[in-house]
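**Q** Sending over a structure as structure tokens; questions will come in a sec.
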Amino acid sequence: MYRTVQQSLLAHIQALLAQKYDVTLASLAVEQPPSIALGELALPVAFELAKRLRKAPRVIATELAVELSASLPEGVASVEAAGAGYLNVRFDRAAIARDVARDRHADIGGAGFKLVEHTSINPNKAAHIGHLRNAILGDTFQRLLRPDSYKRGYEVGVQNYIDNTGVQVADVVVGLMHLEGKDLASTRKLLDDLAAQGKRIDYYCWDLYARVSQWYTADPTQLDTRKQLRLATLHAIEHGGNEIAEVADLIATSVLRRHLETMQRLSIEYDFLPRESEILHLHFWDAARQLMIEKGVLYLETEGKNKGCWVMRRAGSEAQEGDGPDEDAKVIVRSNGTVTYVGKDIAYHLWKFGLLPGKDFGYRKFHEYPTHTCWISTDKASEPGHMVFGRADAIYNVIDSRQNDPQTQVVQALRGMGFTEEADRYTHFSYEMVALTPRCALDLGYTVSEEDQKKPYIEVSGRKGFGVKADDLLDQLIAAARTEVDSRHPDLSEEERGTIARQIGVGALRYFMLRYTRNTVIAFDFKDALSFEGETGPYVQYAIVRAANIFRKAGTTAEASLAAMESLSVEGFLDGEEGSAVWETWLLVSKLTLMIEQCISTSEPAYLSRYAFQLAQQFNNFYHRHHILNETDPGKRALYLATAAVAQREMIRALGYLGIEAPERM
């Protein structure tokens with residue numbers, strides 16, 4: 001309701017400015033008064049108009065307050081001039097509380113197809129802790145965008161890009177075929193043997209990848225030979241149609257299936273898995289190259305260090321005249337004819353926007369979720385029933401900040417080709433790395449030097465074998481939560497305790513990954529993530545459980561408590577110091593749509609996790625201040641129960657958008 005009233009009020013003011021002053025402002029700033037006693041909104045619009053109208057801000061604010069007071073928007077109780085020229089707005093608390101109880105709120109959504117790409121793990125080993133931040137960020141963002149029972153939302157497609165022809169896959173193939181002497185038949189047998197033993201191919205490849213990474217440089221006399229072996233393997237995989245490529249496809253597909261299982265434990269699902277092999281085999285790049293040349297973006301360098309390469313100017317660089325070649329140009333096609341990562345990425349994103357005429361993937365079914373099919377790309381004919389994904393009007397790529405430069409060059413290529421609107425709707429959803437606190441590394445069984453123990457965090461490295469597999473991390477979090485649940489609720493069944501432990505463990509992990517803004521390096525810590533105190537998932541979950549306990553002890557339900565608001569006279573209960581303390585909970589509850597909209601417009605889910613924590617804090621403060629079950633005044637008791645009900649409802653919703661379930665007990 002907060003956003004509904006705010007939107008109505010701002011529209012009202014804009015109409016008044018046009019009528020009274022013949023002025024139109026692009027936007028109106030909205031601030032929070034320093035105290036709830038001064039109102040719910042403060043608008044500095046008079047300061048923006050002062051120079052234009054040649055009047056003192058206080059005079060303008062007074063004029064506006066008089067006009068607005070004559071015709072107040074729904075939900076507004078009063079508007080008055082304050083201070084040097086602010087407009088202070090007070091809400092009709094009773095009316096808004098009733099509307100909040102009825103679940104009236106502003107809608108979010110619109111037309112257009114939003115394509116969210118996240119996870120994108122190289123299919124050469126198990127997912128690790130760093131991948132989890134990417135996947136959780138992307139999954140949370142698509143939840144904020146997607147239609148649901150609360151909002152209209154947007155049409156959304158979730159993609160997980162699979163680099164199945166890259167150097168990391170080539171490294172594992174080198175390990176299999178040259179360190180372990182396997183061919184296609186024995187690789188198939190390896191997969192069968194691992195499955196029979198209950199072992200996992202992604203874990204097997206984790207160790208193999210570390211071994212082969214060290215093997216490349218173990219013998220200085222073999223450096224060049226092994227480097228050439230790696231390159232030859234990579235080229236064979238890219239070309240396809242040979243045994244090496246078949247081994248690579250077998251391993252990459254098997255590891256990919258494990259990745260989907262890992263992510264499904266966190267309720268993360270996908271719609272489409274585009275693979276780099278199809279981008280190559282379906283000649284996406286050839287079409288993109290021709291388009292880039294026609295648009296004057298791609299050109300052949302004839303001199304300098306990039307002689308023989310096809311290049312494009314970097315973002316921010318100016319065309320040079322008479323000064324020789326642009327030595328800083330971005331190489332798109334090397335002199336040996338191989339296409340760089342950026343070149344393939346440009347082709348891929350032209351397809352995403354529907355800008356590669358006649359080019360599309362073939363689609364086949366790959367994985368079935370409870371509610372939908374996940375498709376994978378193929379160079380064969382499509383199976384029936386697939387979505388069309390290459391038609392986005394907005395793209396969000398969840399890729400870590402180390403890829404800032406390649407992402408910038410893709411946007412530059414779009415702009416250079418004249419696709420400026422598409423470039424403006426291309427969002428690099430960047431984030432910083434995930435490390436471990438020294439305490440967490442020790443908890444995981446790693447040897448940590450005295451020097452490293454003094455550091456705020458320790459970086460992980462898959463190549464060096466120092467890292468945390470995603471499933472291992474999740475297992476330990478759930479096991480730690482299970483110990484606590486078992487001690488608190490021995491009366492519950494094995495299945496119930498297992499469910500609660502999973503909800504707490506997953507909630508702790510997802511919340512920890514979301515509580516920090518994307519540009520913050522995360523130092524993960526078990527104890528911090530699982531704490532029931534402070535800004536954590538379990539803290540918010542526990543507040544929800546606390547609310548449920550109130551209704552159980554009161555012999556009622558949250559739904560009945562909200563329904564009682566229809567006939568409850570609350571006008572006197574939300575005023576004064578005591579009433580304002582209750583009203584602050586209702587006011588914060590009413591801001592969920594505002595938070596969701598802010599998260600979408602800024603591509604920053606951390607705002608919602610912060611909101612969930614603040615709401616839990618607010619509810620806990622309310623709970624400790626007002627003894628609901630001992631309240632003797634029937635009206636107050638009914639209001640307090642309704643307050644607990646709306647707080648619980650919105651906390652559950654907020655956690656739902658964060659991908660976190662609310663346990664029944666903790």
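**Q** Within the range 432-666, count lysine pairs with alpha carbon atoms under 20 angstrom apart where the residues are 8 or more positions apart or belong to different chains.
**A** Going through the range 432-666 pair by pair, I get 5.
**Q** Contour minus end-to-end for Leu442 and Ile293, with contour as 0.36 nm per residue of separation and end-to-end as the Cα-Cα distance?
**A** 48.2 nm
**Q** Using alpha-carbon positions, what is the distance between the centroids of the range 96-116 and the range 222-294, in Å?
**A** Answer, in whole Å: 40.
**Q** Hey, with R₀ at 22 Å, roughly what FRET efficiency would His624 and Leu72 work out to, going by the Cβ-Cβ distance, to 0.05?
**A** Efficiency at R0 = 22 Å is approximately 0.05.
**Q** Rounded to the nearest 0.05, what FRET efficiency do Ala26 and Ala56 have when you use their Cβ-Cβ distance and R0 = 22 Å?
**A** Computed FRET efficiency for Ala26 and Ala56 comes out at 0.45.
**Q** Give me the distance in nm between label points sitting 7 Å out from Cα along the Cα-to-Cβ direction at Arg104 and His489, one decimal.
**A** In this crude spin-label approximation the distance works out to 3.7 nm.
**Q** Distance in nm between label sites at Val388 and Ala11, each 7 Å beyond Cα in the beta-carbon direction?
**A** So the two model labels end up 3.3 nm from each other.
**Q** Between their Cα atoms, which of Lys125/Lys305; Lys182/Lys365; Lys199/Lys352 are more than 32 Å away from each other?
**A** From Lys125/Lys305; Lys182/Lys365; Lys199/Lys352, over 32 Å: Lys125/Lys305; Lys199/Lys352.
**Q** Give, in nm to one decimal, the length gained when the segment between Glu246 and Thr557 is fully stretched (0.36 nm per residue of separation minus the Cα-Cα distance).
**A** Additional length available on full extension: 106.1 nm.
**Q** At a 10 Å Cβ-Cβ cut-off, how would you order Val59, Val411, Val247, fewest neighbours first?
**A** Val59, Val411, Val247
**Q** So if we plug the beta-carbon distance of Arg265 and Glu571 into 1/(1 + (r/R0)^6) with R0 = 35 Å, what FRET efficiency do we get, rounded to 0.05?
**A** 0.10
**Q** Follow-up. If you find the alpha carbon centre of the range 38-73 and of the range 388-458, how far apart are they in angstrom?
**A** Using only Cα atoms, the two centres lie 44 Å from each other.
**Q** Which residues among the range 551-577 fall inside the zone where the amide N is under 12 Å from a point 7 Å beyond the Cα of Thr632, along Cα→Cβ?
**A** Correct set: none at all.
**Q** Given just the C-alpha atoms of the range 432-666, how large is their convex hull per residue in cubic angstrom?
**A** 151 Å³
**Q** Check the straight Cα-Cα distances from Lys55 and name the aspartates and glutamates below 19 Å, setting aside those fewer than 8 residues away within the same chain.
**A** Asp22, Glu63, Glu67, Glu80
**Q** While we're here: Share of Cα-Cα pairs in the chain beyond 34 Å, in percent?
**A** Every Cα pair in the chain considered, those over 34 Å come to 55 percent.
**Q** Using just the C-alpha positions of the range 2-91 as equal point scatterers, what log10 of I(q)/I(0) does the Debye formula give at each q in 0.22 1/Å?
**A** After summing over all Cα pairs, the log10 values are -1.11.
None of the figures in this text is laboratory data; all of them are computed from the coordinates on show. Not measured: the values here are computed from a predicted model. Note that we place each Cβ from the backbone using ideal geometry, even for glycine, and neighbour counts take in every protein chain shown.
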